[in-house]
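The values are calculated or read from the model by the stated rules, or taken from the named source; none is laboratory data. Since the structure is predicted, the reported quantities are computational estimates derived from the model, not experimental observations. So basically every Cβ, Gly included, is an ideal-geometry build from the backbone, and we count neighbours across all protein chains shown.
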Amino acid sequence: MRILVTNDDGIDALGLQLLAQVLAESHEVYVVAPDRERSATGHAITMHKPIYPKPVSLPSTAMKAAWKVTGTPADCVKLGVQALLEERPDLVLAGINHGSNLGRDIFYSGTVSAALEGMFLGVASFALSAKTFDRRSLQFIAQFVRQWTIDGLPLPSSGEFFNVNFPDIESAWPPKLVWVGLGHREYRDEFHRYQNPRGQEYYWLSGEPWDRLDDSPSDVAAIEGGMIAATPLHMDVSNWSKIHALQSIIVTPPKEGDEGGIELRPDG
């Protein structure tokens, strides 16, 4: 299998390097990753300046090629699939992220956005994240993912990707993987106000995640319970129940020169 590995923690991150090294034992592995940390960049892409890919050597000599890129995680997948690799990959793996991506994290995460970009390009894609990212945990995850690809376990269908989170391996070995929906992870944001040496005011964002555990089964509850949480995701965030409820209302824009307002009326 031809696999493209990327992340948002940067090419020097231990999670990415262990994943690529373990996968290279069984697969044709390429790495295209940001040249520095790009966490919480979401799905940003670079349009108004050049993107520079630089070939690099990573610890595993079994890998086919690796590049560090002056761009975002989504840039890395776009560039890798459409320009750097001579043939399309069979799989895009984003991670192993240093920290979970649960609930609303998916809207901020560069790791998740890299997998989403792989889906956009028609490649089966996974976002892989670890609650704890010591070497033992990351090694377990890399071996787990390698075994998944060897054993022929389910891959994402067209138009979807898998967001997979791993619990604290050091506390207890995960008993199983469960297929769950997104839970509720929110943040208690704190903005700390400072002044730079020139007297200019600036703010530094910090805060702690707050996980709601009363909506089991969910990715949040599964990770808290020590299980591996896998969530199939797609890009349709349409509120279909609201759409169906509003379809009975007709909205008529005012005609040119009409001083009246917008007209609302029931359909039929």
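Per-structure values
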quantity: Condition met for ILE250 (of a type in the set (A, V, I, L, M, F, W, C) and touching a strand residue (DSSP E or B) at 6+ places or on another chain (Cβ under 9 Å)); calculated: yes
quantity: Among (1) closer than 16 Å to ALA20 by Cα; (2) surrounded by fewer than 18 Cβ atoms within 10 Å (Cβ to Cβ), the one test that LYS54 misses; calculated: (1)
quantity: Candidate set: the range 149-199, residues that are of a type in the set (Phe, Trp, Tyr) and either free of Cβ contacts under 8 Å to residues at least 60 places away in the same chain or out of contact with any Ser or Thr (no Cβ under 6 Å at 6 or more places or on another chain) (or both); chosen: the one nearest to ILE228 (Cα to Cα); calculated: PHE166
quantity: Index of the failed condition, ALA172 passing every other in (1) surrounded by 15 or more Cβ atoms within 10 Å (Cβ to Cβ); (2) closer than 22 Å to VAL220 by Cβ; (3) out of contact with any helix residue (DSSP H, G or I) (no Cβ under 9 Å at 6 or more places or on another chain); calculated: (1)
quantity: Any hit, the range 174-184, residues being of a type in the set (Gly, Ala, Ser) and closer than 23 Å to LEU116 by Cα; calculated: yes
quantity: Filter result for LYS49 (over 21 Å from the mean Cα position of the chain (by Cα) and assigned to a loop (DSSP other than H, G, I, E, B)); calculated: yes
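Here's the yes/no breakdown for (1) modelled with pLDDT of 95 or more; (2) among the polar types (S, T, N, Q); (3) surrounded by fewer than 24 Cβ atoms within 10 Å (Cβ to Cβ):
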position: ALA62; (1), (2), (3): no, no, yes
position: ASP75; (1), (2), (3): yes, no, no
position: LEU91; (1), (2), (3): yes, no, yes
position: GLY110; (1), (2), (3): yes, no, no
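Yes/no per residue for (1) crowded, with 23+ Cβ neighbours inside 10 Å; (2) touching a residue at least 24 places away in the same chain (Cβ under 8 Å); (3) in contact with a Pro (Cβ under 9 Å, 6 or more places away or on another chain); (4) not aliphatic (A, V, I, L, M):
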site	(1), (2), (3), (4)
VAL5	yes, yes, no, no
ASP9	yes, yes, yes, yes
ALA13	no, yes, no, no
LEU16	yes, yes, no, no
VAL22	no, yes, no, no
VAL29	yes, yes, no, no
PRO34	yes, yes, yes, yes
GLU37	no, yes, no, yes
HIS43	no, yes, yes, yes
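Quick grid of which residues meet (1) within 17 Å of the chain's Cα centre (by Cα); (2) at pLDDT 95 or above; (3) charged (D, E, K, R); (4) more than 16 Å from ALA94 (Cα to Cα):
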{"site": "LEU4", "(1), (2), (3), (4)": "yes, yes, no, no"}
{"site": "ASN7", "(1), (2), (3), (4)": "yes, yes, no, no"}
{"site": "GLY15", "(1), (2), (3), (4)": "yes, yes, no, no"}
{"site": "ALA24", "(1), (2), (3), (4)": "no, yes, no, no"}
{"site": "ARG36", "(1), (2), (3), (4)": "yes, yes, yes, no"}
{"site": "TRP67", "(1), (2), (3), (4)": "no, yes, no, no"}
{"site": "GLY71", "(1), (2), (3), (4)": "yes, yes, no, no"}
